[in-house]
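Colleague: Just passing along the structure, written as structure tokens.
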Amino acid sequence: MAPVVGDLTGNLSLLTTAVQRALDDRVDVLVLPELVTSGYVFRDRAEAERVAVTVEDPLFARLAEALAGTTTVVVFGFAERDGARLHNSVAVVQSDGVRAVYRKTHLWDRETLVFDPGEDAPPLVDTPHGRIGVLVCYDMEFPEMPRMLALAGADLVVVPTNWPVGAHPERDRVAEVIAAQAAARTNGVFIACCDRSGTERGQDWNEASVVVDQFGWVVAEAAPGAGTTAVTVDVFPALARDKSTSPHNDWLRDRRPALYEREVPRA
């Protein structure tokens, strides 16, 4: 999707349309971009505050109402106002309302001038489609974050993102996708990342939405330059509960946390 910075009304229309299309296609879990309701490239904090909403905003009730009679899970990013604090947040919504809100804990570049970092661990939501953990964009660059969710029992990690275009070798996928593949493989979880499209105040995006299986292989991805598009694939998140990597190995049981805390000897 290509949200427009500062256009709350227009972006909510984009969100509503995307949700309806997903319902028409009987999608179980819909992941939308980071800050999809507000846009991303803010000039300053004041501009972000003008399109920030609280978790009591009617948009969440309207979305839950649209999901009535379904088990569809919708995950999307929004600028959240919480008293005097301003967060880059993600909501997990089902027909019974908001199941969880996660406030991005690792802020990227100029986000540090606009938002306050979240202080809480990422949530794990039990749904009819598996146990879903939530991260946002730059959070994925810290291996501890998907590991926390894997240890808590996540089957699927969903990651709304805005990945800015950067240089990378043509033979490789962008580094952010490689990081998602590595996190999926080393934790034995499925990962679904939803990037954005469009150009916002001169900033282009990777448009690299991707779904990675529990072995670290890409099973679906956006075509380069596709713009606004949907990436869908059938996965079975419960398979992530088997962490065995050989008849004698297990991704989580083989960890040695006490060893990792030791001081590295200098020779």
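The values are calculated or read from the model by the stated rules, or taken from the named source; none is laboratory data. In this text the structure is predicted, and so the values were computed from the model without any measurement. Because the Cβ atoms are built from the backbone with ideal geometry, glycine has one as well, and the counts that use them run over all protein chains shown. Keep in mind that these areas ignore ligands, DNA and RNA; they rest on the heavy atoms of the full protein, side chains included. Shrake-Rupley method; radii C 1.70, N 1.55, O 1.52, S 1.80 Å.
Colleague: Normalised by the number of residues in the stretch 171-267, what is the relative contact order in percent for Cα pairs under 8 Å and 6+ residues apart?
Modeller: Rounded, it is 23 percent for the stretch 171-267.
Colleague: Please list, in order along the stretch 242-257, the HN-Hα scalar couplings obtained from phi with the Karplus expression 6.51 cos²θ - 1.76 cosθ + 1.60 (θ = phi - 60°), rounded to whole Hz, x for Gly and Pro.
Modeller: 9, 9, 5, 10, 6, x, 10, 9, 8, 3, 8, 5, 7, 5, 10, x
Colleague: Could you pull out the longest piece of the chain with no exposed loop GluC sites (Glu not before Pro) in it, calling a site exposed if DSSP puts it outside H, G, I, E, B and it has at most 16 other Cβ atoms within 10 Å?
Modeller: Here the longest segment lacking exposed loop sites spans 171-260.
Colleague: Subtract the Cα-Cα distance of ASP7 and HIS248 from 0.36 nm times their separation in residues, and report this length gain in nm to one decimal.
Modeller: 81.3 nm
Colleague: Of the heavy-atom accessible surface of the stretch 130-267 (probe 1.4 angstrom), what whole percent is carbon and sulfur?
Modeller: Answer for the stretch 130-267 is 53 percent, counting heavy atoms of protein chains only.
Colleague: Residues with beta-carbon under 13 Å from that of VAL4, excluding VAL4: net charge, scoring Lys, Arg +1 and Asp, Glu -1?
Modeller: -1
Colleague: Spin-label point model (7 Å from Cα, Cβ direction): what's the GLU65 to ALA238 distance in nm?
Modeller: For the pair GLU65/ALA238, the computed spacing is 3.5 nm.
Colleague: Give me the percent of Cα-Cα pairs in the stretch 15-95 that sit more than 19 Å apart, rounded to a whole number.
Modeller: Every Cα pair in the stretch 15-95 considered, those over 19 Å come to 37 percent.
Colleague: Mind giving me the FRET efficiency for THR17 and VAL219? R0 is 22 Å, r the Cβ-Cβ distance, nearest 0.05 is fine.
Modeller: 0.30
Colleague: Separate question: I need the calculated FRET efficiency for the pair THR228 and GLU119, taking r as the beta carbon distance and R₀ as 41 Å, to the nearest 0.05.
Modeller: FRET efficiency, THR228 to GLU119: 0.75.
Colleague: Hey, another quick one. Please work out the average accessible area per residue across the chain, using the 1.4 Å probe convention, and give it in Å².
Modeller: On a per-residue basis, the chain sits at 51 Å².
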